[in-house]
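Single-structure report; data block below.
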């Protein structure tokens with residue numbers, strides 16, 4: 001699995017050549033959310049509000065990095 005980060009039990013994964021829109025996967029326990037890289041919105045799956053907040057904070061800190069469409 002292409003794991004790119006792990007923190008507080010949250011696992012962030014990104015798959016090469018995955019379906020559109022460009023996104024990453026955030027897993028926490030049995031929850032799985034797909035998050036759009038551009039808008040940082042959950043567009044599929046579900047995640048607890050606190051986990052979503054931590055994931056968005058992580059993504060904001062890493063914008064412009066290797067997963068950013070503008071990076």
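The values are calculated or read from the model by the stated rules, or taken from the named source; none is laboratory data. Values in this document were obtained by computation on a predicted structure and should not be read as measured data. Virtual Cβ from ideal backbone geometry, glycine too; neighbours counted across all protein chains shown.
For segment 12-23, which positions are modelled with pLDDT of 95 or more and more than 12 Å from residue 52 (Cα to Cα)? Correct list: 13 only.
Where strands (runs of 3 or more DSSP E) fall entirely within segment 1-66, those with at least 2 residues that are surrounded by fewer than 16 Cβ atoms within 10 Å (Cβ to Cβ) are at 3-7, 31-36, 42-45. Taking each residue of segment 1-20 that is over 13 Å from residue 57 (Cα atoms) and looking for partners that are at pLDDT 95 or above and in a loop (DSSP other than H, G, I, E, B) with beta-carbon atoms closer than 9 Å, six or more apart or interchain, yields 9/29. Cβ separations smaller than 6 Å between residues 6+ apart or across chains give the following pairs from segment 43-71 residues that are at pLDDT below 80 to residues that are loosely packed, with under 10 Cβ neighbours inside 10 Å: 71/64.
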